[in-house]
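A short write-up of the structure that comes next.
Values in this text are rule-based calculations from the coordinates and carry no lab data. As the structure is a computational prediction, the values presented were derived from the model and not from experiment. Note: ideal-geometry Cβ built from the backbone for every residue, glycine included; neighbour counts use all protein chains shown.
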Amino acid sequence: MTVQAVGRDGAVTASVPRASRLSRSFLALWAVTWREWGKFVRQKARWASALVRPILWLVIFAAGFRSLLGVSIVPPYTTYVTYQEYIIPGLLGIVLLFYGMQSSLSMVYDREMGMMRLLLTAPIPRWILLFFKLMAAALLAVLQAYAFLLITYGFSFLVPHLGAAIPWSGWLYIFIPLFLGGLMLSALGLLLSVYIRQLENFAGTMNFVIFPMFFVSPALYPLWKLREVGADYIYWIAVVNPFSHCIELIRFAAYGEFQMMSFWVVIGCTAVFFCAAAVGYDPQRGMLRHIARSR
């Protein structure tokens with residue numbers, strides 16, 4: 001089946017096979033995914049640091065906080081849980097947050113080195129290329145999340161009093177929430193990469209975007225404790241934080257439950273972040289046009 005392009009005078013100007021368009025899209029997806037995988041394999045310090053961070057929280061901080069932060073029976077838990085078990089979904093969110101944001105912010109490096117110019121001039125709609133990059137980043141972030149789960153499972157044998165794990169069925173249930181969370185956070189990083197002109201500004205992004213999203217969320221403590229101590233304004237900031245809903249979606253899925261509101265918040269934020277990033281990368285009307293003029 002072919003798609004015919006018709007000119008203004010009604011004449012047929014070109015005939016493009018629809019199958020070839022589909023094959024080019026799959027080829028682009030493979031190329032982008034393979035490039036991200038190559039960067040993932042070569043940059044061992046990058047993925048190792050992404051795993052070390054949540055492991056430190058689990059082994060060191062959880063050992064000290066478990067006697068201070070008791071977790072009561074709140075959904076999705078049906079009984080009292082240890083602090084280590086409570087923070088497992090939050091630590092999975094850390095893996096998604098840092099890897100997804102770093103992967104998308106690598107677009108800044110590609111822009112400085114000229115690689116992005118080659119990527120965006122491919123004979124495929126630009127938004128499709130950007131979406132493929134998000135998918136590749138989200139899949140690699142999910143792989144790292146499962147690698148962290150394997151490490152926590154090993155710790156349950158080496159250090160029994162610090163061991164924590166989610167049910168085996170939860171390993172399957174959390175795949176889609178992890179992937180959706182990875183898409184949302186990668187889309188946010190892609191949106192930020194539109195406005196960050198130099199890679200050196202990533203440290204500022206860490207301080208003003210990543211860390212506030214992480215700490216003002218239920219990743220490390222239940223939100224009801226904020227209201228218990230009278231910090232209502234921080235509680236409401238955490239409620240509207242998209243990362244909070246990413247954590248809750250993973251937490252409920254780990255125990256076989258579905259969090260409807262968090263699901264739609266993650267889907268909606270992903271769509272908003274990605275559409276804004278796609279407009280930003282449009283050279284005719286996006287932020288890249290203003291950046292090129294300023295130079």
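Going by neighbour counts of Cβ atoms within 10 Å, the residues Glu248, Glu228, Glu85 line up, fewest first, as Glu228, Glu85, Glu248. Between Val81 and Val71, the built amide H atoms are under 5 Å apart, and every one of these is 5 or more places off in sequence or on another chain.
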